[in-house]
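S.K.: Right, I'll just put the structure down here and ask away after.
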Amino acid sequence: MISACILIRAERGKFDQVAERLRQIPEVKTSFSVLGRYDIVVDVEAPNSKALAHAVLKASRLGGVVFTETLPQVESE
(Lines give C-alpha, C1' and ligand atoms only; values in the text may rest on other atoms or scores of the structure.)
Protein backbone atom coordinates (compact mmCIF):
# COMPACT_ATOMS: atom_id res chain seq x y z
CA MET A 1 0.00 0.00 0.00
CA ILE A 2 1.06 3.56 -0.68
CA SER A 3 -0.31 6.61 1.11
CA ALA A 4 -0.38 10.30 0.34
CA CYS A 5 -1.76 13.51 1.71
CA ILE A 6 -3.43 15.90 -0.74
CA LEU A 7 -3.62 19.58 0.19
CA ILE A 8 -6.44 21.36 -1.63
CA ARG A 9 -7.40 24.95 -2.23
CA ALA A 10 -11.11 25.19 -3.01
CA GLU A 11 -13.35 27.91 -4.38
CA ARG A 12 -14.66 30.25 -1.74
CA GLY A 13 -17.69 28.82 0.04
CA LYS A 14 -17.32 25.35 -1.48
CA PHE A 15 -15.03 23.75 1.13
CA ASP A 16 -17.65 21.46 2.66
CA GLN A 17 -19.10 20.42 -0.72
CA VAL A 18 -15.66 19.53 -2.08
CA ALA A 19 -14.69 17.65 1.10
CA GLU A 20 -17.91 15.63 0.88
CA ARG A 21 -17.36 14.73 -2.80
CA LEU A 22 -13.78 13.72 -2.03
CA ARG A 23 -15.02 11.20 0.55
CA GLN A 24 -16.84 9.38 -2.26
CA ILE A 25 -13.55 8.46 -3.97
CA PRO A 26 -12.80 4.89 -2.79
CA GLU A 27 -9.09 5.54 -2.08
CA VAL A 28 -9.86 8.52 0.18
CA LYS A 29 -9.63 7.50 3.82
CA THR A 30 -10.51 10.90 5.28
CA SER A 31 -11.08 14.46 4.11
CA PHE A 32 -11.60 17.53 6.27
CA SER A 33 -11.61 21.34 6.11
CA VAL A 34 -8.72 23.25 7.70
CA LEU A 35 -7.64 26.84 8.26
CA GLY A 36 -4.51 28.22 6.62
CA ARG A 37 -3.01 28.29 3.15
CA TYR A 38 -5.07 25.26 2.12
CA ASP A 39 -8.77 24.59 2.68
CA ILE A 40 -8.97 20.80 2.71
CA VAL A 41 -6.64 17.96 3.70
CA VAL A 42 -7.21 14.51 2.20
CA ASP A 43 -5.60 11.21 3.25
CA VAL A 44 -5.40 8.73 0.38
CA GLU A 45 -4.34 5.09 0.38
CA ALA A 46 -3.95 2.92 -2.72
CA PRO A 47 -2.46 -0.48 -3.54
CA ASN A 48 0.16 0.96 -5.93
CA SER A 49 1.45 4.21 -7.41
CA LYS A 50 -0.73 3.94 -10.53
CA ALA A 51 -3.92 3.66 -8.45
CA LEU A 52 -2.70 6.51 -6.25
CA ALA A 53 -2.10 8.72 -9.30
CA HIS A 54 -5.60 7.90 -10.58
CA ALA A 55 -7.17 8.92 -7.24
CA VAL A 56 -5.14 12.14 -7.09
CA LEU A 57 -6.15 13.10 -10.63
CA LYS A 58 -9.79 12.33 -9.86
CA ALA A 59 -9.63 14.58 -6.77
CA SER A 60 -7.91 17.42 -8.62
CA ARG A 61 -10.58 17.45 -11.34
CA LEU A 62 -13.56 17.82 -9.00
CA GLY A 63 -15.63 20.96 -9.42
CA GLY A 64 -14.69 23.57 -6.84
CA VAL A 65 -11.04 22.47 -6.63
CA VAL A 66 -8.68 25.31 -7.55
CA PHE A 67 -5.25 23.89 -6.71
CA THR A 68 -3.77 20.70 -5.25
CA GLU A 69 -0.44 19.69 -3.79
CA THR A 70 0.23 16.00 -3.19
CA LEU A 71 2.61 14.75 -0.52
CA PRO A 72 3.33 11.05 -1.18
CA GLN A 73 4.59 8.76 1.55
CA VAL A 74 8.31 8.09 1.50
CA GLU A 75 9.74 4.85 2.79
CA SER A 76 12.65 5.58 5.12
CA GLU A 77 15.42 3.12 5.76
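The values are calculated or read from the model by the stated rules, or taken from the named source; none is laboratory data. Remember, predicted model here, so these are calculated numbers, not experimental data. Every residue, glycine among them, receives a Cβ derived from its backbone with ideal geometry; neighbour counts consider all protein chains shown.
S.K.: Within the stretch 22-51, count every residue that is part of a helix (DSSP H, G or I) and small (G, A, S). First the steps, then the outcome.
M.R.: Step one: list which residues in the stretch 22-51 are part of a helix (DSSP H, G or I), which gives 22, 49-51.
Remaining after also requiring small (G, A, S): 49, 51.
Adding up the residues that qualify gives 2.
S.K.: Now for a separate question. Please tell me if A59 is within 15 Å of Q73 (Cβ to Cβ) and either touching a His at 6+ places or on another chain (Cβ under 9 Å) or not basic (K, R) (or both). Step through it out loud before you land on a result.
M.R.: Values: within 15 Å of Q73 (Cβ to Cβ): no; either touching a His at 6+ places or on another chain (Cβ under 9 Å) or not basic (K, R) (or both): yes.
Against the criterion (within 15 Å of Q73 (Cβ to Cβ) and either touching a His at 6+ places or on another chain (Cβ under 9 Å) or not basic (K, R) (or both)), A59 does not qualify.
S.K.: Could you look through the stretch 4-29, keep only residues that are of a type in the set (K, R) and either crowded, with 16+ Cβ neighbours inside 10 Å or at pLDDT 95 or above (or both), and pick out the one that is nearest to N48 (Cα to Cα)?
M.R.: K29
S.K.: Would you please name the residue that is nearest to M1 (Cα to Cα), looking only at residues in the stretch 27-62 that are touching a helix residue (DSSP H, G or I) at 6+ places or on another chain (Cβ under 8 Å) and without any contact (Cβ under 8 Å) to a residue 40 or more places away in the chain?
M.R.: Here the residue is E27.
S.K.: Looking at the stretch 63-77, which of its residues are farther than 15 Å from L7 by Cα and either surrounded by 15 or more Cβ atoms within 10 Å (Cβ to Cβ) or charged (D, E, K, R) (or both)? Give the steps one after another, and end with the answer.
M.R.: Our first condition is that a residue be farther than 15 Å from L7 by Cα; within the stretch 63-77, this holds for 63, 74-77.
Within the stretch 63-77, E75, E77 meet the criteria.
S.K.: For H54, which of the numbered conditions (1) crowded, with 17+ Cβ neighbours inside 10 Å; (2) not in a loop (DSSP other than H, G, I, E, B) fails to hold?
M.R.: All conditions pass for H54, except number (1).
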